[in-house]
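Q: Sharing a structure here in structure tokens format.
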Amino acid sequence: MAASGTIALWRRLVAEYLGSLLLAATVVGSGIAAQSLSPSDVGLQLFENAAATATGLFAIILMFGAVSGAHLNPVISFVDAALGGISWRHATAYLPAQVAGCISGAVLANLMFSINPVSLSTHHRSTGPHLVSEVVATAGLVLIIFALARTGRGSITPAAVGAYIGAAYFFTSSTSFANPAIAIGRMFSNSFAGIAPSSVPPFIGAELVGGLVGFAVIAVLYPGLTPAEAKDVVVPHPGGTQPNSPPPA
């Protein structure tokens with residue numbers, strides 16, 4: 001792992017932007033392709049979208065993880081900051097890069113499939129079961145990432161995160177957004193993977209609740225998680241808290 005502070009913040013922000021862009025392009029692009037390839041089979045569309053997202057996420061984390069940690073998700077960044085893995089200033093700086101990247105990725109996916117660059121989704125999703133699903137999906141994502149960091153198994157996190165998100169496409173009714181930035185980005189594509197703008201605020205609220213639930217579960221199950229261990233989220237990355245820094249009060 002590179003020494004702490006050796007990679008400038010602006011480089012980490014570029015990594016978060018590009019990683020979020022590719023994540024949204026993968027989710028939205030595979031959703032558009034699935035609609036075209038399997039127009040009469042929603043189950044097959046979901047499988048195609050889930051498979052592309054799971055494997056793409058695995059690769060994207062490997063691409064950018066060593067630079068920024070490949071959070072690609074404001075919930076992960078803020079939980080990491082709460083645990084001392086990165087500073088609150090850096091977590092706050094990650095947020096606009098992640099959101100801008102997800103919006104750019106959705107626009108790019110639209111362009112790749114000859115759709116209007118910005119086509120607001122009409123896919124309404126904010127029902128009670130969808131919101132409960134987002135709480136569960138986000139809490140589970142937080143749990144798997146920080147549990148692996150706490151137990152020294154960070155090397156398998158890219159595969160584990162991809163596998164979890166792929167599975168959550170099927171065991172949650174919301175298809176597991178689990179990420180406020182991707183929720184915002186996906187409203188810019190009126191496709192299988194899209195979400196109506198009116199559904200985005202409730203989804204974000206549910207995801208934030210899920211992040212808090214995940215944080216609480218981590219505190220119960222892994223009370224000894226240190227800033228040095230949190231620094232390895234999602235994968236080891238420089239520029240976070242020094243390994244010998246005390247945990248936040």
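The values are calculated or read from the model by the stated rules, or taken from the named source; none is laboratory data. Being a predicted model, the structure only gives us computed values, none of them experimental. Every residue, glycine as well, gets a Cβ built from its backbone with ideal geometry; the counts of neighbours run over all protein chains shown.
Q: Could you tell me whether Ala70 is farther than 17 Å from Leu108 by Cα and not in a helix (DSSP H, G or I)?
A: Details: farther than 17 Å from Leu108 by Cα: yes; not in a helix (DSSP H, G or I): yes.
Answer is yes for this residue.
Q: Still on this structure: Got at least one residue in region 32-48 being under 20 Å from Ala159 (Cβ atoms), crowded, with 23+ Cβ neighbours inside 10 Å and at pLDDT below 95?
A: For region 32-48, residues under 20 Å from Ala159 (Cβ atoms), crowded, with 23+ Cβ neighbours inside 10 Å and at pLDDT below 95: absent.
Q: Here is a further query. Restricting attention to region 55-77, which residues are small (Gly, Ala, Ser), under 13 Å from Thr157 (Cα atoms) and surrounded by fewer than 21 Cβ atoms within 10 Å (Cβ to Cβ)? Before the answer, list the steps.
A: The first filter runs over region 55-77 and keeps only residues small (Gly, Ala, Ser), leaving 56, 59, 65-66, 68-70, 77.
Cutting the leftovers down to under 13 Å from Thr157 (Cα atoms) gives us 59, 65-66, 69-70.
Residues satisfying the conditions are Ala59, Ala66.
Q: Please go through region 213-237 and pick out each residue that is in contact with a Phe, Trp or Tyr (Cβ under 8 Å, 6 or more places away or on another chain) and at pLDDT below 75. Walk me through it before giving the result.
A: Of region 213-237, the ones in contact with a Phe, Trp or Tyr (Cβ under 8 Å, 6 or more places away or on another chain) are 214, 218, 222, 225, 230, 233.
Answer for region 213-237, where residues must be in contact with a Phe, Trp or Tyr (Cβ under 8 Å, 6 or more places away or on another chain) and at pLDDT below 75: Ala230, Val233.
Q: Looking only at region 82-109, which residues are buried (at least 24 other Cβ atoms within 10 Å of the Cβ) and modelled with pLDDT of 95 or more? Reasoning before the result, please.
A: Going through region 82-109, the residues buried (at least 24 other Cβ atoms within 10 Å of the Cβ) turn out to be 83, 85-86, 94, 97-98, 101-102, 105-106, 109.
Hits for region 82-109 are Tyr94, Ala97, Gln98, Gly101, Cys102, Gly105, Ala106, Ala109.
Q: What is the residue count in region 172-182 for residues that are outside any loop (DSSP other than H, G, I, E, B) and farther than 17 Å from Ala25 by Cβ?
A: Taking region 172-182 first, the residues outside any loop (DSSP other than H, G, I, E, B) are 180-182.
Next, only the ones that are farther than 17 Å from Ala25 by Cβ stay: 180.
The number of residues fulfilling the criteria is 1.
Q: Has region 173-189 got at least one residue that is modelled with pLDDT of 95 or more, touching a strand residue (DSSP E or B) at 6+ places or on another chain (Cβ under 8 Å) and crowded, with 24+ Cβ neighbours inside 10 Å?
A: Yes: region 173-189 contains one or more residues that are modelled with pLDDT of 95 or more, touching a strand residue (DSSP E or B) at 6+ places or on another chain (Cβ under 8 Å) and crowded, with 24+ Cβ neighbours inside 10 Å.
Q: Which one of Ala50, Ala54, Ala15 is without any contact (Cβ under 8 Å) to a residue 60 or more places away in the chain, under 24 Å from Leu208 (Cα atoms) and small (Gly, Ala, Ser)? Spell out the reasoning first.
A: Numbers: Ala50 fails: without any contact (Cβ under 8 Å) to a residue 60 or more places away in the chain; Ala54 fails: without any contact (Cβ under 8 Å) to a residue 60 or more places away in the chain.
After applying the criteria, what remains is Ala15.
Q: Could you look through region 183-235, keep only residues that are hydroxyl-bearing (Ser, Thr, Tyr) and either part of a loop (DSSP other than H, G, I, E, B) or out of contact with any helix residue (DSSP H, G or I) (no Cβ under 7 Å at 6 or more places or on another chain) (or both), and pick out the one that is farthest from Thr172 (Cα to Cα)?
A: Step one: filter region 183-235 for residues hydroxyl-bearing (Ser, Thr, Tyr), giving 189, 191, 198-199, 222, 226.
Checking which are either part of a loop (DSSP other than H, G, I, E, B) or out of contact with any helix residue (DSSP H, G or I) (no Cβ under 7 Å at 6 or more places or on another chain) (or both) leaves us with 191, 198-199, 222, 226.
Details: Ser191: 19, Ser198: 20, Ser199: 16, Tyr222: 26, Thr226: 31 Å.
It comes out as Thr226.
Q: Which one of Gly210, Gly240, Gly205 is surrounded by 20 or more Cβ atoms within 10 Å (Cβ to Cβ) and modelled with pLDDT of 85 or more? Walk me through how you get there before you give the answer.
A: Details: Gly240 fails: modelled with pLDDT of 85 or more; Gly205 fails: surrounded by 20 or more Cβ atoms within 10 Å (Cβ to Cβ).
On inspection, the qualifying residue turns out to be Gly210.
Q: Determine whether region 28-46 contains at least one residue that is assigned to a helix (DSSP H, G or I) and either touching a Cys at 6+ places or on another chain (Cβ under 6 Å) or aromatic (Phe, Trp, Tyr) (or both).
A: If we filter region 28-46 for residues that are assigned to a helix (DSSP H, G or I), which is where we start, we get 28-37, 42-46.
Restricting the remaining residues to those that are either touching a Cys at 6+ places or on another chain (Cβ under 6 Å) or aromatic (Phe, Trp, Tyr) (or both) gives none.
The answer is no, given that none of the residues of region 28-46 is assigned to a helix (DSSP H, G or I) and either touching a Cys at 6+ places or on another chain (Cβ under 6 Å) or aromatic (Phe, Trp, Tyr) (or both).
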